[in-house]
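Here's the structure, in structure tokens; my notes come after.
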Amino acid sequence: MQDDRIIRESGVDARVAAIVRPVVEAAGYRLVRVRLLAQDDLTLQIMAERPDGSMTVEDCEEVSRAVSPALDVEDPIDSAYQLEVSSPGIDRPLVRLSDFEAAIGHLIKLETAVLVDGRKRFRGEVVACDAEKLTIDRDKVGEGEEARAVIPLDAIAEAKLVLTDALIREALKKDKVERRQRKKARRKGDESDDGDIEADD
């Protein structure tokens, strides 16, 4: 399966991503990002999510169990590290076209690999997005600068949502809906189990 992420890793992170992505997908999840962080000790952070964007603690544990053997066999990092599997979080990295489309109306910050309109760092509200470019209205504009910026998607090195009240409200609403759906699915599962028991009698 092809990697549909627009923003991908480089160096060691890219080597790790190539190993874990097929494993993550085979387990029914999508890879968001791989990053080797040199904090106190080395930490290999793997961000993943379900296709619907949700990710529970149990899901993180499942992905961790799935990728550990593959990493042990391939051994892409030549020193000891801590494996950390996490969800993308509310202020998530934007890596797919669908992420940028879902960010319309929200504040993001991004960095480009090349200069765009004489700068590499942008922050603003996403107003439009297509397969080629992202349009944002910058929230802090200097004198004589354009408020609207059009950035080619293939120029973006890194992008993420900025935590705002509107974003938190939307995330809480989505979480409520997902929780209700999970409860309904569990109830349906329990009812079908009861049916099986009755059929056996």
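The values are calculated or read from the model by the stated rules, or taken from the named source; none is laboratory data. Because the structure is a prediction, the values reported are computed rather than measured. For neighbour counting, all protein chains shown are included, and Cβ atoms are generated from backbone atoms with ideal geometry for every residue, glycine included.
Some observations on this one:
- So Ser79, is it farther than 16 Å from Ala155 by Cβ, assigned to a loop (DSSP other than H, G, I, E, B), outside the structural domain of Asp175 (by TED's automatic domain parsing) and among the polar types (S, T, N, Q): yes
- Under the condition of being touching a residue at least 24 places away in the same chain (Cβ under 8 Å) and outside any strand (DSSP E or B), the residues counted in segment 126-169 number 12.
- The residues of segment 147-168 that are more than 15 Å from the chain's Cα centre (by Cα) and either outside the structural domain of Leu97 (by TED's automatic domain parsing) or small (Gly, Ala, Ser) (or both), listed by number, are Ala147, Ala149, Ala155, Ala166.
- Within segment 51-71, restricting attention to residues that are of a type outside the set (Val, Ile, Thr) and at pLDDT below 95, the residue that is nearest to the chain's Cα centre (by Cα) is Gly53.
- Scanning segment 1-46 for residues that are farther than 15 Å from Glu158 by Cα, part of a loop (DSSP other than H, G, I, E, B) and in contact with a helix residue (DSSP H, G or I) (Cβ under 7 Å, 6 or more places away or on another chain) yields a total of 4.
- Output for segment 98-125, where each listed residue is in contact with a strand residue (DSSP E or B) (Cβ under 6 Å, 6 or more places away or on another chain), more than 17 Å from Val141 (Cα to Cα) and assigned to a strand (DSSP E or B): Ile104, Thr112, Ala113
- The listed residues are Val57, Val67, and the only one of them that is surrounded by 19 or more Cβ atoms within 10 Å (Cβ to Cβ) and aliphatic (A, V, I, L, M) turns out to be Val67.
- Exactly one residue among Glu111, Glu158, Glu125, Glu170 is within 20 Å of Gly53 (Cβ to Cβ), surrounded by 12 or more Cβ atoms within 10 Å (Cβ to Cβ) and modelled with pLDDT of 95 or more, and that residue is Glu158.
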